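The values are calculated or read from the model by the stated rules, or taken from the named source; none is laboratory data. Everything quoted here is computed from the prediction, not taken from an experiment. For neighbour counting, all protein chains shown are included, and Cβ atoms are generated from backbone atoms with ideal geometry for every residue, glycine included.
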Amino acid sequence: MSGRSLRCFLYRGGTSKGVLIEQAELPAEAGERDRCILALFGSPHVRQIDGLGGADPLTSKLAILRPGSPGEGLDLHYMFGQVSIAETFVDYSGNCGNLSSAVGLYALDAGYVRLRNDHTVARVLNTNTHKILEAEIFPQGDPEVSERDLKDWGLSLSGALVRVNFLEPGGSKTGRLLPTGKVREEIVLEDGSRYEVTLADASNPAVLVRAADLGMEGTESPAEIDQDQPRLKILLEIRARAAERLGFVKDWRLAATQSAAIPKVACVAPPASYRALDGSPVDAGRYDLLARTLSMGRAHKAYAITGGIATAVAARLEGSVAWECLAESGRRGARVRLGHPSGILPIDLDLSRSGSEWLVRKAGIVRTARRLMEGIAYLP
């Protein structure tokens with residue numbers, strides 16, 4: 001017989017999949033709560049074979065939910081957890097943009113918001129970053145978004161369309177869009193090698209480095225990145241050094257366990273034509289910035305939304321390593337389109353400057369989301 005049981009929901013949000021669970025289902029004490037979550041996912045085990053995790057960072061994700069209140073103008077509170085696959089920890093340090101779209105749809109499915117004509121809006125507080133997001137949900141799709149758009153963006157055509165606006169996402173963890181006050185700076189690795197980077201904090205903190213400085217084209221597939229151990233080691237050390245510089249860890253060597261999810265690390269390059277994971281061609285003229293990122297130490301098969309927002313914002317800051325790579329089309333208008341392994345990620349920015357400070361009023365993305373399962377999970 002199984003032990004404790006938990007009522008939960010399995011959702012796909014964008015290019016990720018995760019378990020959604022109401023806070024009341026979990027133990028109140030943090031240690032016991034996390035032991036339940038690890039058991040629910042089948043961690044620690046590289047295959048997560050005895051739980052609901054999918055043995056991939058993009059499917060080992062969790063949203064813990066509790067109702068909002070009319071007095072605070074919120075429909076839902078949401079805490080994101082990145083569940084380690086092979087280690088015994090859950091990382092709550094940052095947010096997940098893909099799962100945020102699933103949380104928006106959950107608000108409708110669970111009755112926290114109701115449809116008005118063909119759509120509705122859920123106001124959600126992400127408690128990891130203490131930032132509000134607005135999810136506009138179209139259960140039957142949005143006529144302004146075509147099937148071709150969704151295919152280009154690497155999204156499933158099934159499910160509801162969700163527009164997510166992250167309100168005032170700058171300084172999500174550090175309090176400043178440019179945490180160090182610099183648009184470009186240098187990181188020195190243990191072997192003495194030096195890399196120019198940009199540190200930006202919007203929705204999640206990120207550290208960006210030029211692909212060319214790593215001897216990369218920027219069009220590499222996730223498998224090629226994962227198999228290139230010397231370059232992967234460099235990317236991971238750059239991320240770890242940035243975590244120390246931002247104050248997330250006291251020693252960069254501790255970043256893999258004490259701040260595994262943030263900052264995101266990405267390499268950027270000017271647009272170039274390549275083939276997406278499904279074999280479809282991605283023409284250089286269809287997007288503005290080529291980018292590859294990591295998730296929990298492995299190459300991301302698409303692109304983290306929150307890391308994408310930080311990347312897109314950094315690309316609009318003149319002098320950053322991403323600005324140098326940005327196509328002229330990305331320097332005009334409100335949209336920056338990132339070319340990633342599964343297609344194109346368009347990010348709409350409301351960005352302005354006041355004196356020496358930049359202000360991001362909101363960053364918007366479009367995802368599709370679908371409830372896959374609801375039921376009772378049994379823990380060992």
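Structure data summary
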| item | result |
| --- | --- |
| Segment 65-86: number of residues that are in contact with a helix residue (DSSP H, G or I) (Cβ under 7 Å, 6 or more places away or on another chain) and either crowded, with 22+ Cβ neighbours inside 10 Å or modelled with pLDDT under 95 (or both) | 7 |
| Matching strands (runs of 3 or more DSSP E) fully within segment 290-380 where at least 3 residues are over 21 Å from Arg239 (Cβ atoms), at pLDDT 95 or above and outside the structural domain of Ala223 (by TED's automatic domain parsing) | 357-378 |
| Contacts under 7 angstrom Cβ, first residue in segment 115-138 being in contact (Cβ under 8 Å) with a residue 60 or more places away in the chain, partner surrounded by fewer than 16 Cβ atoms within 10 Å (Cβ to Cβ), 6 or more apart | Lys131/Leu167; Lys131/Glu168 |
| Total residues in segment 164-204, condition among the aliphatic types (A, V, I, L, M) and surrounded by fewer than 20 Cβ atoms within 10 Å (Cβ to Cβ) | 4 |
| Long-range neighbours under 9 Å by Cβ, at least six apart or interchain, first residue small (Gly, Ala, Ser) within segment 179-196, second surrounded by 11 or more Cβ atoms within 10 Å (Cβ to Cβ) | Ser193/Ile234 |
| Filter result (free of Cβ contacts under 8 Å to residues at least 40 places away in the same chain and either part of a strand (DSSP E or B) or polar (S, T, N, Q) (or both)) within segment 1-52 | Gln48 |
| Odd one out for Asp91, checked against (1) of a type in the set (Asp, Glu); (2) buried (at least 18 other Cβ atoms within 10 Å of the Cβ); (3) more than 30 Å from Val46 (Cβ to Cβ) | (3) |
| From Leu246, Leu277, Leu254, residue being within 20 Å of Val83 (Cβ to Cβ) and surrounded by fewer than 21 Cβ atoms within 10 Å (Cβ to Cβ) | Leu254 |
| Residue list for segment 227-262, restricted to those being outside any loop (DSSP other than H, G, I, E, B), in contact (Cβ under 8 Å) with a residue 40 or more places away in the chain and over 21 Å from Ser193 (Cβ atoms) | Thr257 |
| Qualifying residue in segment 45-55 (condition: of a type outside the set (Gly, Ala, Ser), assigned by TED's automatic domain parsing to the domain that holds Leu155, surrounded by 19 or more Cβ atoms within 10 Å (Cβ to Cβ) and within 25 Å of Gly364 (Cβ to Cβ)) | no |
